[in-house]
1. What does the highest-first list of 57-67, 11-21, 97-107 look like by mean Cβ count within 10 Å?
2. As a check on your grasp of the helix formula, calculate [θ] at 222 nm for the chain: sum -39500 (n - 2.57) over DSSP H runs of n ≥ 4, divide by the residue count, round to the nearest 500.
3. Using each residue's phi in the range 95-104, evaluate 6.51 cos²θ - 1.76 cosθ + 1.60 at θ = phi - 60° and report the 3J(HN,Hα) Karplus result to the nearest Hz, with x for Gly and Pro.
4. Per residue of the range 55-68, in order, report the coupling 6.51 cos²θ - 1.76 cosθ + 1.60 (Karplus, θ = phi - 60°) as ³J(HN,Hα) in whole Hz, putting x for Gly and Pro.
5. Give the average over all directions of the projected area of the C-alpha convex hull of the range 2-123, one decimal, in nm².
6. Amide H to amide H under 5 Å from Met64: which residues, 5+ apart in sequence or cross-chain, H placed 1.01 Å off N in plane?
7. From the backbone phi of the range 73-82, what are the Karplus-calculated ³J(HN,Hα) couplings (6.51 cos²θ - 1.76 cosθ + 1.60, θ = phi - 60°) in whole Hz, Gly and Pro given as x?
Amino acid sequence: VLGALLSAHLLIIDPLQPFGDLKISDYDNELLDLAHDLASRLLPAFERTPHGLPYPRVNLMTGMVDGSRNDTSTAGAGSLSLEFSILSRLVGDPVYERVARRAVNSLWAKRNNVTGLLGLRNYITYDA
């Protein structure tokens, strides 16, 4: 959802309009605002972990993370790096890119010494 909001925003505001006229006459960054709001609601999943790997679930209304799971998928832990980095640059707030990079760095450190590959699941609160 976050990527779709950001992509649509960028297509609408692109002055070159390479995909046809996608401009909306009274558009006032509403999609960017929605993306910013959603990312802000996702932040607690990243910020409440010791190594930066996000919890797989966060209540978007309360910001409470579901701490019943101590592991997250590799894809889930790293999938927001592009979206959070783009959002940081669009809104001028480095916090989103910072937490995404921290998660990616944590994943990178967990690679297998022999193969260089990551496992399917990664522990959030301790190294295993």
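Taken together, the values in this text are just the output of simple stated rules run on the coordinates, not laboratory data. Quantities reported herein were computed from a predicted structural model and do not represent experimental measurements. Neighbour counts are summed over all protein chains in view; Cβ atoms, including those assigned to glycine, are modelled from backbone coordinates with ideal geometry.
1. Working: 57-67: 13.5, 11-21: 9.9, 97-107: 18.9.
Taking the mean over residues of other Cβ atoms within 10 Å, the ranking is 97-107, 57-67, 11-21.
2. Details: 5 runs with 61 residues, N = 128.
About -15000 deg cm²/dmol.
3. 4, 5, 5, 4, 5, 5, 5, 4, 5, 5
4. 5, x, 9, 9, 6, 6, 8, 9, x, 7, 8, 8, x, 6
5. Values: hull surface 36.7 nm².
Result: 9.2 nm².
6. Long-range HN contacts for Met64: Asn59.
7. Values, residue by residue: 6, 4, 5, x, 6, x, 6, 8, 4, 5 Hz.
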